[in-house]
Structures are given as structure tokens and as C-alpha cells.
Amino acid sequence: MDRRLLSIYNLIDPHAKGLCDVGTDHGMIPIRLALDGFTGDLIAADIKSGPLSRAEENALSHSVHDRITFCLCDGIPEHLSGRFDTVVVAGMGGDLICSILDKADWIFSDGYTLILQPMTKQEVLRYYLINNGFFISDDILAEDSGRIYQIIRCRYTGINDSYSDHELYIGKKGRCPDQELYSRAAESFRKNLEKIINGCGSSEDESKRSFYINMAHQLGSKTI
Ligand SMILES: C[S@@+](CC[C@H](N)C(=O)[O-])C[C@H]1O[C@@H](n2cnc3c(N)ncnc32)[C@H](O)[C@@H]1O
């Protein structure tokens, strides 16, 4: 298991009632839980039969096939909702994760913990979560093969939290356990912003430019 998947795995409560891995593909998360003696229900769900078969084959080769329910479905399977209290949606764009959550409004309940790992559009996902009453308790960063991945653990409270603009993109510093990695992620984000700002020449980009300039200042830019 690579560091991205391991960081997701480490956020799962080993005493959870059950886990549903949406967009499971290889199935490594439920397989690892089964191998480690997780006693709750395990559901591996995918919208495509190819990836779901891959998960089934991998589970079979690890002799944990009988421990996992494989579900071919779009998004979070509502008909199995009583069997899990933890949902993982990982390795997809932040906008796709938003649309999966949006189609499952029954998940807007304090009975479910969501562990989300957007590959892109992290700011779209955080904006969606905080404006729909989810409290993000953990903004985790995981570095693997030179890339920094973001992982969000959250739960519905019904109260809208507030995030500054740059926090929407990289998370809240105080909710990230690896402060050194957070500082590096913030630095790299600031440098990217400076590149974008210097590339925004025309007047039609002015509002975007000033938005980016504000964020670069929030992150301590001295050159902009
Ligand atoms: C890139 S893989 C990620 C696999 C694994 N979750 C990970 O993080 O390594 C994305 C998987 O999500 C599945 N997927 C995409 N949209 C989905 C949806 N609406 N419902 C369920 N699965 C979906 C795809 O078929 C694919 O297997």
C-alpha cells in the first residue's frame, strides 16, 4: 500500500461499524482492513464492472473475498446504508466527489464519517463541505513519489464552518498533523500562485488576478 492509501487507511476507526469504499477499483482499503482483522462490515463499490472485478480478484488472491460485499453502483449504495458508518471516496476529482455526496443526502447525518481524497479541485470540495454543514476535523497531507496528496476527514454537524481562501485550497494548518509538510505545501502553493499572477497580463483576468494576489499575501508573499 502506498503512502497515499496508507494515510487514508490510518484515518479509519478500527472499531467502526462498517466501511464503504466508493470507487474502490483495486479494493486495497477493504482488503487491508479484512487482513488486519477489522470486524465491521466491508463494502467495496464501483460504478464500473472492470474495476469491481479487479477488487474481487485481489480479495480472492488475499483469501478475504468472503469478508467483502462487492457492489456495482453509482456512488454511495443507499440500500446498504445500515451496514456502514464510514465512507471512503478517494482518487477522484473534487467536483466528482461533490456530485457523489450531493446524490446521497441521507449521508448528511452525524452517523457517518467521510474520508475523502480529492486528486484535483480540493477547494471546490472543501467549499461544498463547509457550506453544507460538514465539519472537517482533519486536513491531512501525505507525500508519495514527490507529490503531496490531500485527505479530508469530516462529519455532518449542520453548522457551516469558515475557511479562508487559501485554506480552501490546502486545508487548515491547525488540522494537519504534519506541520513541516503543511509548510512545504503552502510554500509550493504560494510559488504556483506567483507564477499564475505573473502570467495574468490582460485586464479581463483582473478579478482573478486580485483574488490570487490576496491569497499570495495571506501566504506571506513578499514579491507580489
Ligand atoms: C482512480 S480510481 C481510484 C481508486 C481508489 N479509490 C484509489 O484511491 O486508489 C477511481 C475509481 O472510481 C470509480 N468511480 C468513478 N465514478 C464513480 C461513481 N460515481 N460511483 C462509484 N465509483 C466511481 C471508477 O470506476 C474508478 O474505479
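Coordinate-derived values only; no laboratory data. Small disclaimer: the values here were computed from a predicted structure and weren't measured. For neighbour counting, all protein chains shown are included, and Cβ atoms are generated from backbone atoms with ideal geometry for every residue, glycine included.
Past the 27 Å Cα-Cα mark, which pairs from K48/K103; K17/K103; K103/K191; K103/K208? Could you put the intermediate results ahead of the total?
On the way: K48/K103 18 Å; K17/K103 23 Å; K103/K191 36 Å; K103/K208 31 Å.
Exceeds cut-off: K103/K191; K103/K208.
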Q. For region 178-224, what does the alpha-carbon gyration tensor say about shape, rounded, prolate or oblate, given a ≥ b ≥ c as the root eigenvalues, a/c under 1.5 as rounded, and a/b over b/c as prolate?
A. prolate
**Q.** Distance between region 20-50 and region 87-103 - C-alpha centres, whole angstrom
**A.** 16
Q: Quote the charge dipole size of region 3-173 about the Cα centre in Debye, to the nearest 20; the model charges only the Cβ of Lys and Arg (+1) and of Asp and Glu (-1).
A: 240
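Looking at the chain from every direction and averaging, what is the projected area of its Cα convex hull in nm²?
Working: hull surface 53.2 nm².
Seen from a random direction, the Cα hull of the chain projects 13.3 nm² on average.
Taking 0.36 nm per residue of separation and subtracting the Cα-Cα distance, what length does fully extending E143 through D13 add? Walk me through the numbers on the way to the answer.
Numbers: separation 130, 0.36 × 130 = 46.80 nm, distance 2.18 nm.
Full extension from E143 to D13 adds 44.6 nm.
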**Q.** Gaussian network model of the chain, Cα within-10 Å springs - most flexible of N131, N198, N160
**A.** N198
